[in-house]
Amino acid sequence: MFCCVLDLHLCFNFDKKNYKIFHGSIDAQFGYTVQQHEAGGHQWLLVGAPFEYTGQLQTGDVYKCPLDIKSSANCSRLDLGKQTLCMEYLYHISSRSC
């Protein structure tokens with residue numbers, strides 16, 4: 001039993017000295033989900049904002065926040081809600097691309 005508890009504790013290893021703070025909309029629930037990602041030699045946090053708006057529709061969205069830059073940098077919105085709306089519209093209207 002002790003080994004299982006110890007293993008679970010080791011899964012949460014936070015760096016208290018080299019932390020980063022990313023800011024986003026409280027209304028959009030920025031930070032509701034967070035996932036580490038690595039691609040092309042760069043490290044990112046993918047941050048969910050389920051109540052983000054695209055135009056007048058509440059579509060939710062995901063932000064990409066850099067981890068490998070020493071200074072705090074802003075997160076970039078991926079505009080997934082816009083892509084979803086565009087694809088949905090085109091599916092119903094025509095065969096044009098977004």
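Observations on the structure shown:
- Filter pass, residue 27 being at pLDDT below 90, in a loop (DSSP other than H, G, I, E, B) and charged (D, E, K, R): no
- Complete set of residues in the range 54-69 that are among the hydrophobic types (A, V, I, L, M, F, W, C), surrounded by 13 or more Cβ atoms within 10 Å (Cβ to Cβ) and outside any loop (DSSP other than H, G, I, E, B): 62, 65
- Residue within the range 90-98 that is modelled with pLDDT of 85 or more and not β-branched (Val, Ile, Thr) present: no
- Odd one out for residue 51, checked against (1) modelled with pLDDT of 85 or more; (2) outside any loop (DSSP other than H, G, I, E, B): (2)
- With respect to the conditions (1) modelled with pLDDT under 70; (2) surrounded by fewer than 10 Cβ atoms within 10 Å (Cβ to Cβ); (3) not in a helix (DSSP H, G or I), residue 15 lacks only one, and its number is (1).
The values are calculated or read from the model by the stated rules, or taken from the named source; none is laboratory data. Note that this is a predicted model, so its numbers are computed, not measured. When we count neighbours, we look across all protein chains shown, and the Cβ atoms used for this are built from the backbone with ideal geometry, even at glycine.
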